[in-house]
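Enquirer: Please find one structure pasted underneath; my questions will follow.
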Amino acid sequence: MRRILPHTLRARFILGLVVLLAVGCAAVGVAAVVGLKGFLTNRLDERLIDTGDRFAVSLELKGLMPDGYDGDVYGDTRLQTAGTFGARLMDGTVTHAAVARSTGALNVHLTAGDRKRLAAVPADDKVHSLDLSALDTYRVLASRGMDGDILITGLPLEPVEATVHRLELVAGIVSGAALTAAGVAGALWVRWSLRPLSRVAATATQVSELPLASGEVALPPRAPEADPRSEVGRVAAAFNLMLGHVEDALTKRHASEERLRSFAADASHELRTPVASVRGHAELALLHPGPVPPEVTRALERITAESTRMGAMVDDLLLLARLDAGRPLEASPVDLTRLVLDAVADARAAGPDHIWGLDLPEEPVTVTGDEHRLHQVLANLLANARLHTPSGTKVTVTLAATGTTATLQVHDDGPGVPEDLQPSVFERFTRADRRTKSATGGAGLGLSIVAAVVEAHGGRVTVRSRPGSTTFTAWLSTW
């Protein structure tokens, strides 16, 4: 049923209107045809009763010539309607049968079936319908004659049926025209009535195309108001009220994001100095020429290491805050091929227990962007592959250029990214084990920086992973 019905509400309204009107027209037409046929048949029966059996009696008195003879001297056709049928039966056998014409009576050739049907007509002075092969359908009246014979008189139903067929034709034409006019008028009326709903749908479509995930969002104008007493008007009013709530929520969310972004930027900026100071004092203490207990030396070394890690984390947070604020990056030609070679060389030195591979095109690949940030993207992807895969894992970096797009892939045959983690792998502070501190000491910012830098360059990055195969792919524009 869903496949048959149209999809739009407008089409369903029009279809329902036309179907209901068609049912109404059909009911009126059937009632009119049945009523007219019954009325005309009753009139025909009254004429038949008024006519009596005079024509059938005349056949008995004067006889008939051979079949096909047409003459007004055989059978009394005076005052008889043209087409009147008369027959005489004696002991169930048809002795005479003729039809009145304007020029006289015409003998009728009857088949054996016709004679049986005539003999079966009851002589009860009631009108019955009779079909003869030589003639059309007749309304006949049978009565008993003076000498015990049966006299049958009939009038044709053809005029009644012709009138009824004409009514059917006229009703069909008028109903068709009415349905067509009603369909067109209904379509215009429904379209006019549903205009506010169409505007609501258009506004909803505009809202659905807006980037609502982040940033300041300017919602489109509200849908035009309609009569609040109508269903369409109530829908438009409810939709506009919902848009108002959504706009308020988006405004508050944007303000909260701005405050959080400002706090992250300010905090990151302010933390850089004390973190650097702590690290500097720890390094200075390690350079003290006097004797230092081993426990103190170990503590100073841990302070230096942790302050270094904290400084890197602060730098990452500050970078993300700047990217969130939409600050533009440098835009200069960058030899991506050389960056890949340098990054793989650094990764090979940091992870000698991994197998590193390269798949580079013959021609250098150049993109427009910030060289330092693009190197950071490569370094983070390779560090992610090194830190989250066991020794002996093969990591392959592939670079290709197609048209105006450069494709960078980092593939490894390690254990893969957990399926439940893949949708949020580029979100901030996402780690393989959220419950405990990562063994590598990472804060879960590396891949979020990759996504932010690539997006700032107008590209995108994806991950496709399963056990034994993980591929990070970044697309960048070459112009």
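Enquirer: Using amide H atoms built in the peptide plane, which far-off residues or other-chain residues are under 5 Å from Leu358 H to H?
Expert: Correct list: Val397.
Enquirer: So who's got an amide H within less than 5 Å of the one on Ser477, skipping anything under 5 residues away but keeping other chains? H placed 1.01 Å off N, in plane.
Expert: Under 5 Å from the amide H of Ser477: Ala406.
Enquirer: Let me know the shape class of the stretch 77-188, please: from the alpha-carbon gyration tensor, a ≥ b ≥ c as square roots of the eigenvalues, rounded when a/c is under 1.5, otherwise prolate if a/b is greater than b/c, or oblate.
Expert: prolate
Enquirer: A further question follows. Based on the mean of other Cβ atoms within 10 Å per residue, sort peptides 245-255, 181-191 so the most packed one is first.
Expert: In decreasing order of mean packing, 245-255, 181-191 become 181-191, 245-255.
Enquirer: Another one. Under 5 Å between amide hydrogens, which residues at least 5 positions from Ala401 or on another chain qualify, with H placed 1.01 Å from N in the peptide plane?
Expert: Thr407
Enquirer: Then there is this: Using the basic label-point model (7 angstrom from Cα toward the beta carbon), what is the Val33 to Gln206 distance in nanometres?
Expert: 5.4
Enquirer: Let me ask you something else. Output the peptides 152-162, 355-365 sorted from most to least packed, where packing is the average of other Cβ atoms within 10 Å over each peptide's residues.
Expert: The peptides rank, most packed first, as 152-162, 355-365.
Enquirer: Explain nothing, just compute: Karplus ³J(HN,Hα) = 6.51 cos²θ - 1.76 cosθ + 1.60, θ = phi - 60°, for every residue of the stretch 121-126 in order, whole Hz, x for Gly and Pro.
Expert: So the Karplus estimates, Gly and Pro as x, are 5, x, 8, 10, 6, 10 Hz.
Enquirer: Quick one: net charge around Asp136, please, counting Lys, Arg +1 and Asp, Glu -1 for every other residue with C-beta under 13 Å from its C-beta. Display every interim value, and only then the final one.
Expert: Details: positive: Arg139; negative: Asp114, Asp131, Glu158, Glu161.
Net local charge, Asp136 excluded: -3.
Enquirer: Using +1 on the beta carbon of Lys and Arg, -1 on that of Asp and Glu, and nothing else charged, what's the dipole of the stretch 291-412 about the Cα centre, debye to 20? Don't skip to the answer; put the middle values down first.
Expert: Details: 10 positive and 17 negative charges, 58 e Å.
The dipole of the stretch 291-412 has a size of about 280 debye.
Enquirer: Which shape class applies to the stretch 320-479: rounded if a/c is under 1.5, otherwise prolate when a/b exceeds b/c and oblate if not, where a ≥ b ≥ c are the square roots of the Cα gyration tensor eigenvalues?
Expert: The shape class here is oblate.
Enquirer: Given the options Trp192, Gln206, Ala112, identify the residue whose Cα lies farthest towards the positive end of the charge dipole of the stretch 108-209 (+1 on Cβ of Lys, Arg; -1 on Cβ of Asp, Glu).
Expert: It is Gln206.
Enquirer: Step through the residues of the stretch 163-178 one at a time and calculate ³J(HN,Hα) from phi using the Karplus curve (6.51 cos²θ - 1.76 cosθ + 1.60, θ = phi - 60°), rounding each to whole Hz and writing x for Gly and Pro.
Expert: Taking θ as phi minus 60°, the curve returns 5, 5, 4, 5, 5, 4, 5, 5, 5, x, 5, 5, 5, x, 5, 5 Hz for the stretch 163-178.
Enquirer: Also, quick follow-up: Using 1/(1 + (r/R0)^6) with R0 = 25 angstrom and r between the beta carbons of Arg338 and Ala276, what's the FRET efficiency to the nearest 0.05?
Expert: 0.20
Here, each number is a calculation from the coordinates, and none is a lab measurement. Predicted model, so just to flag it, every value in this text is computed and none were measured. Cβ sites come from the backbone with ideal geometry, for glycine too, and all protein chains shown count toward neighbours.
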